[in-house]
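Engineer: Supplied in structure tokens, the structure appears directly below.
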Amino acid sequence: MKVIVTGATGMVGEGVLLECLENPEVERVLVLSRRSCGHAHAKLRECLVQDFRDLGAHEADLRGHDACFYCAGVSSVGMSETDYTIITYDTPLRFAETLVRLNPSMVFVHVSGSHTDSSEQGKVMWARVKGKAENALMRLPFKAVYNFRPSLMKPMPGQKHVKAAYRAALLLYPLARLFFPSMPLRDVARAMINAVRFGAPKQLLEVKDIQALAAR
């Protein structure tokens, strides 16, 4: 398969990228990012884009792909709802609208988060905005859209884009996984690839669903 990966300068996107580069099911990877991901590989091409909502100059590069793994995103901490909505709702939706026009047979996998609010009516801002994004993406006419809702993830070996605070917190990973849903990031990436290969039983995938799909 030929895949597009976003967010490769962040922890989740970088982990997904590394698994795609290693996985024999993936023939080619196009990374879309505002800056270089810092990795080189025979399968890998990069396309630097300043605004994912304005892809007109890059449409030729985006054609001919089987899947997109949308891993870009930010924490809502310290952000207004307006600013968070631009990044978490407006940007992925405009991006996906361009992709589905260019690749209508594409599978679109969107990384959301555990406890996302599908009703769009809850009191927690980030969960409400993510739910709105999930719902809008599922209405687009892709071959399939899957929203992944992971929780605590353990980075893959060799990752460069893991924040120092997260690395420190990983010392508690063996204990934390006893209390929180968790899984290796490698398995999240494998589940994405398997969603393209085999499909998934539903469009909203919680941690247990992602684990089951990774094991296929």
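Engineer: Do we find that Phe52 is within 19 Å of His161 (Cβ to Cβ), modelled with pLDDT of 95 or more and either surrounded by fewer than 17 Cβ atoms within 10 Å (Cβ to Cβ) or of a type in the set (Phe, Trp, Tyr) (or both) in this structure?
Structural biologist: The answer is yes for Phe52.
Engineer: Just the residues that are surrounded by 14 or more Cβ atoms within 10 Å (Cβ to Cβ) and at pLDDT below 95, please, taken from the range 77-90.
Structural biologist: Scanning the range 77-90 gives no hits.
Engineer: Kindly list the number of the only condition in (1) open to solvent by 10 Å² or more (accessible area, probe 1.4 Å); (2) part of a helix (DSSP H, G or I); (3) closer than 21 Å to Asp51 by Cβ that fails for Arg128.
Structural biologist: The one condition Arg128 does not meet is (3).
Engineer: Conditions first: (1) in contact with a strand residue (DSSP E or B) (Cβ under 6 Å, 6 or more places away or on another chain); (2) hydrophobic (A, V, I, L, M, F, W, C); (3) surrounded by fewer than 20 Cβ atoms within 10 Å (Cβ to Cβ). Cys20 passes all but one, so which condition is the exception?
Structural biologist: (3)
Here's the yes/no breakdown for (1) charged (D, E, K, R); (2) open to solvent by 20 Å² or more (accessible area, probe 1.4 Å); (3) in contact with a helix residue (DSSP H, G or I) (Cβ under 9 Å, 6 or more places away or on another chain):
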site	(1), (2), (3)
Pro92	no, no, yes
Leu99	no, no, yes
Val124	no, yes, no
Leu140	no, yes, yes
Asn147	no, no, yes
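Engineer: Can I ask one more? Go through Val31, Val74 for me and flag whichever is open to solvent by less than 10 Å² (accessible area, probe 1.4 Å), in contact with a helix residue (DSSP H, G or I) (Cβ under 9 Å, 6 or more places away or on another chain) and outside any helix (DSSP H, G or I).
Structural biologist: Testing whether each residue is open to solvent by less than 10 Å² (accessible area, probe 1.4 Å), in contact with a helix residue (DSSP H, G or I) (Cβ under 9 Å, 6 or more places away or on another chain) and outside any helix (DSSP H, G or I) leaves just Val31.
Engineer: Still on this structure, I have one more. Examine the range 141-155 for a residue that is more than 22 Å from Glu19 (Cβ to Cβ) and at pLDDT 95 or above, and state whether such a residue exists.
Structural biologist: Checked the range 141-155: at least one residue is more than 22 Å from Glu19 (Cβ to Cβ) and at pLDDT 95 or above.
Engineer: Let me ask something else. Which numbered condition in (1) within 24 Å of Arg35 (Cα to Cα); (2) assigned to a loop (DSSP other than H, G, I, E, B); (3) without any contact (Cβ under 8 Å) to a residue 12 or more places away in the chain is the only one that Ile86 fails?
Structural biologist: Against the list (1) within 24 Å of Arg35 (Cα to Cα); (2) assigned to a loop (DSSP other than H, G, I, E, B); (3) without any contact (Cβ under 8 Å) to a residue 12 or more places away in the chain, Ile86 comes up short only on (2).
Engineer: Consider Ser112 against the criteria (1) open to solvent by 30 Å² or more (accessible area, probe 1.4 Å); (2) under 13 Å from the mean Cα position of the chain (by Cα); (3) of a type in the set (Ser, Thr, Tyr): it satisfies all of them except one. Which criterion is unmet?
Structural biologist: (1)
Engineer: Of all the residues that make up the range 190-216, how many are basic (Lys, Arg) and part of a helix (DSSP H, G or I)?
Structural biologist: So the answer is 3.
Engineer: Now a separate question. For the range 74-117: of the residues being small (Gly, Ala, Ser) and out of contact with any strand residue (DSSP E or B) (no Cβ under 7 Å at 6 or more places or on another chain), which is nearest to Ala136 (Cα to Cα)?
Structural biologist: First, pick out the residues of the range 74-117 that are small (Gly, Ala, Ser): 75-76, 78, 80, 96, 105, 112-114.
Going one step further and asking which of them are out of contact with any strand residue (DSSP E or B) (no Cβ under 7 Å at 6 or more places or on another chain), we end up with 75-76, 78, 80, 105, 113-114.
Details: Ser75: 20, Ser76: 20, Gly78: 25, Ser80: 21, Ser105: 18, Gly113: 16, Ser114: 18 Å.
For the range 74-117, the residue satisfying everything is Gly113.
The values are calculated or read from the model by the stated rules, or taken from the named source; none is laboratory data. The structure displayed is predicted, hence computed values, not measured ones. Cβ sites come from the backbone with ideal geometry, for glycine too, and all protein chains shown count toward neighbours. Note: areas computed on protein heavy atoms with side chains; ligands, DNA, RNA excluded. Shrake-Rupley method; radii C 1.70, N 1.55, O 1.52, S 1.80 Å.
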